[in-house]
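Working notes for the structure below.
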Amino acid sequence: MERSGMPGGDAAAPKGQVAPEETLAAEGVNKAVPLAIRIIILRGAKTHHPFQADSYIPIQKPKENPMNKTLRTPVIAGNWKMNLLPSQTGAFVKELKAATAEADCSAPSGRDACGVVLCVPYVNLCAAIGAAAGSHLKIGAQNCHWAESGAFTGEVSAAMLKDLGVEYVIVGHSERRAYFGDTDQTVHGRTRAALDAGLKVILCVGEVKEERLQGVTLEVVRLQTKIALGGVTEAELRGVVIAYEPVWAIGTGLTATAAQANEVCLAIRDFLAEFYGRDAADAAVIQYGGSMNAGNAAELLAQPDVDGGLIGGASLKAADFAAIVKAAGRQGVSASTVK
Ligand code: PEP
């Protein structure tokens, strides 16, 4: 079967996968209502479900494929959100550079043991890029517009970021989806624009608490991933890091268990394999994000399908962020030595 990537604008479910239509119908959402509206209804729906509110139970047994981890370089990305001033950025980046230089980001195999990215507010980008120049540290933005240019007051295009020297951009973060009206469709547009401009994308997907309790986590992340990557080719997929971020774990101090994180990362990988083939899926970098910190990073990063992390709160202190980078570097080095 030829593997050319995700179909653009194709609503049909791949073989073996429950169609989004069926999932929604099972929730009693009227088929006559347009799909996007039905997703909003489902996401906001008050349901009476038999699960306990605090029972985040894994919904399928994880499969293990630890050998494939050797094919991938983990990426630890910090997301400052709307924190720290431009004038504080240079000193922070220099401290982070020094703190992570000892993290041995180059594995003995010659490939990097760990990629390190710092995603800062737009107005901090110049200072961050200047301070990180010539180092292992890559700088990212936290969003980009889907249009190349035009009458979009207050917005920033992917080409502008590229021109500035930005290498990565986060798209689809749950805070953009929750507070700024981002939808799966706009996330798709931003992903497309970023790849067209030559940026690497950190694509965030993840379920809200109610979706996990309803047992539709895997359907939700598959749908988000499928729409965001519509039309993205196998070659372009190499420029995409997928961040699985359960929304209930972001900024809450609640962390998914290592098994839960791995289960969903593995499901995303298997889903990618349906469209891009096994080799491309095994090479894809899939992070976990949600209250990862220096204390829990090692266990999460040791999971066979977790390739790094997207870190919010713990990226605001250079020492804490460096500790996570070091944990990932150690995982990368030990995985690269697996024969
Ligand atoms: C995030 O902002 O993507 C995130 C995971 O935040 P936190 O680590 O604070 O939960």
Amide H neighbours of Lys200 under 5 Å, counting only residues 5+ apart in sequence or on other chains, H built in-plane at 1.01 Å? Tyr168, Val169
Residues meeting the amide H criterion for Ile311 (H placed from the backbone, H to H distance under 5 Å, 5 or more places apart or on another chain) are Ala77, Gly78, Asn79
Along Cα→Cβ, 7 Å out, is where each label goes; now give me the distance between the ones at Lys209 and Glu95 in nm to one decimal. 3.3
For Ala147 paired with Thr252, estimate the spin-label separation in nm (one decimal), with each label point 7 Å from Cα along the Cα-to-Cβ line. 3.6
Which entries in Lys209/Lys317; Lys97/Lys226; Lys226/Lys326; Lys209/Lys326; Lys81/Lys162; Lys69/Lys94 show an alpha-carbon gap greater than 25 Å? Lys209/Lys317; Lys97/Lys226; Lys226/Lys326; Lys209/Lys326; Lys69/Lys94
What would the Debye formula give as log10 I(q)/I(0) at q = 0.15, 0.24 Å⁻¹ for the alpha-carbon point model of segment 226-299, no solvent? -0.55, -1.06
Answer rounded, prolate or oblate for segment 75-336, using the Cα gyration tensor with square roots of eigenvalues a ≥ b ≥ c: rounded when a/c is under 1.5, else prolate when a/b is larger than b/c, else oblate. rounded
Nothing charged except the Cβ atoms of Lys and Arg (+1) and of Asp and Glu (-1): what's the magnitude of the dipole of segment 75-336 about its Cα centre? Round to the nearest 20 debye. 500
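Rule-based calculations on the coordinates, nothing more; no lab input. The structure presented is a predicted model; accordingly, all values stated were derived computationally and were not measured. Ideal geometry is used to build each Cβ from the backbone, glycine not excepted, and the neighbour counts take in all protein chains shown.
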